[in-house]
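Below is one structure, written out as structure tokens; comments come after it.
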Amino acid sequence: MYIRKPELVAPAGDMEKLKTAIEYGADAVYIGAEGFNLRMGAENLTMQEIRNAVDYVHEKEKKIYVALNIYARNYHIRSIVSCVKALAEIPVDAVIVSDPGILLTIKEIAPHIKIHLSTQANTTNFKSLEFWRQQGVKRAVLARELTLGEIEEIIANTAVETEVFVHGAMCMAYSGRCLLSSYMSNRHANLGDCSHSCRWKYVLKEENRPGETFPIIQDETGTYILSSKDLCMLEYIPELVSAGITAWKIEGRMKSQYYVASVTRVYREALDSYFSDSQNYIIDEQWLSELEKTSHREFGTGFFLGYRENNPQVSHQDHAYIKEYEFLGIINSVSNDNIAEILVKNTIKENISIEIMGKKLKDDFEEPCLKMRNELNEPIKIAHAGQKIFAKLSQPVHKYFILRKCG
């Protein structure tokens, strides 16, 4: 039986992340339209930047999807019209929506634009998918609460394309419909302004013991009783492929270029490896090691495999993100004699040992002694975020290669 290779969809919070995602192997990227998506804190693209992004992505023969997936209030419906009219003139590949009012607005103003349904719409069965198909939806990002078995049954009973998240942060609220942020900080998660209240440190109090606190698990810093593990389905590539899902999605428009690059290239290599020889496919431990080098919480499989006692989704033991590697900079250009122009993202000190991360894992190498020069060609001992520096590297590098260091 022929199984089509899933589309790998990566996050793009801004133009640089978008280019990085494409360079590191994404088949498609998703971005946010300013003011109407669920990542208000991300550097969402302006309409002119969306035009530029579409040109760039299509030149690379990839796809681009624009998120308009807030749960709109009345004032949004009035103001989104101009946004949809502008998008109608740009050849975006699809828009991602969750609100029926926004969907109807798009159909009225720009019926030619393909509509993808956001995971926020909480699609959990094939009858719901048939309803959305009748409303014009071409693809649905399925609810994260589904098991692989449920997803397979949905796919067997629909002609609508399907998409699922395979990696990244998980929201503890049902399909991401969170009220905790609104209550705790007056920031509305369903309008894109989540304060991540579920990841604050909480303790248990008993009303007859004022002033006393009781952590759920004994620890000097408290405990994250509402925070979930991060999703990681890398070890289940064959199962995901067999389910017949159209597209695999990586979460992370609020993450760094480094995160986007590292995670995208791992899933790209794993997916390509499986389709090159599925009969002899085995997971490369280096892929898992690479994912551990990004900022993350303890990994889990979400609801894909159902509840397992040895792998509960809620993590009571992680008290912060695991961040073993630091993103130092990204290569902007390379001269003929292998002198790299580097855009500094975090402080770099003279003669430190760093790791150069390429577009494929085989491109990685260690640079034991980085010697830097500034734009005046003067040797420098330290470079700070935002600075442009130059360094001759020991092995060939290319634009978009990344500098990082452990700890």
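Every residue in segment 363-379 that is open to solvent by 30 Å² or more (accessible area, probe 1.4 Å) and not basic (K, R), please. Step through it out loud before you land on a result.
Just the residues of segment 363-379 that are open to solvent by 30 Å² or more (accessible area, probe 1.4 Å), to begin with: 363-364, 366, 368-369, 371, 373, 375-379.
Those that are open to solvent by 30 Å² or more (accessible area, probe 1.4 Å) and not basic (K, R): D363, D364, E366, P368, C369, E375, L376, N377, E378, P379.
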What residue, among those in segment 252-304 that are among the aliphatic types (A, V, I, L, M) and open to solvent by 10 Å² or more (accessible area, probe 1.4 Å), is nearest to the chain's Cα centre (by Cα)? M254
When you scan segment 157-164, do you find a residue that is in contact with a strand residue (DSSP E or B) (Cβ under 8 Å, 6 or more places away or on another chain) and assigned to a helix (DSSP H, G or I), even just one? no
Within segment 237-245, identify whether any single residue is of a type outside the set (D, E, K, R), open to solvent by less than 10 Å² (accessible area, probe 1.4 Å) and more than 17 Å from K5 (Cα to Cα), and answer yes or no. no
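Quick one: would you say K62 is open to solvent by 20 Å² or more (accessible area, probe 1.4 Å), charged (D, E, K, R) and within 23 Å of T246 (Cα to Cα)? I'd like the intermediate steps shown before the answer.
Values: open to solvent by 20 Å² or more (accessible area, probe 1.4 Å): yes; charged (D, E, K, R): yes; within 23 Å of T246 (Cα to Cα): yes.
Taking the combined requirement at face value, the residue satisfies it.
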Any chance L38 is modelled with pLDDT under 90, over 25 Å from G358 (Cβ atoms) and crowded, with 19+ Cβ neighbours inside 10 Å: yes
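The values are calculated or read from the model by the stated rules, or taken from the named source; none is laboratory data. In this text the structure is predicted, and so the values were computed from the model without any measurement. Cβ atoms come from the backbone with ideal geometry, glycine included; neighbour counts cover every protein chain shown. Accessible surface is based on the protein model in full, side chains and every heavy atom, while ligands, DNA and RNA are left aside. Shrake-Rupley method; radii C 1.70, N 1.55, O 1.52, S 1.80 Å.
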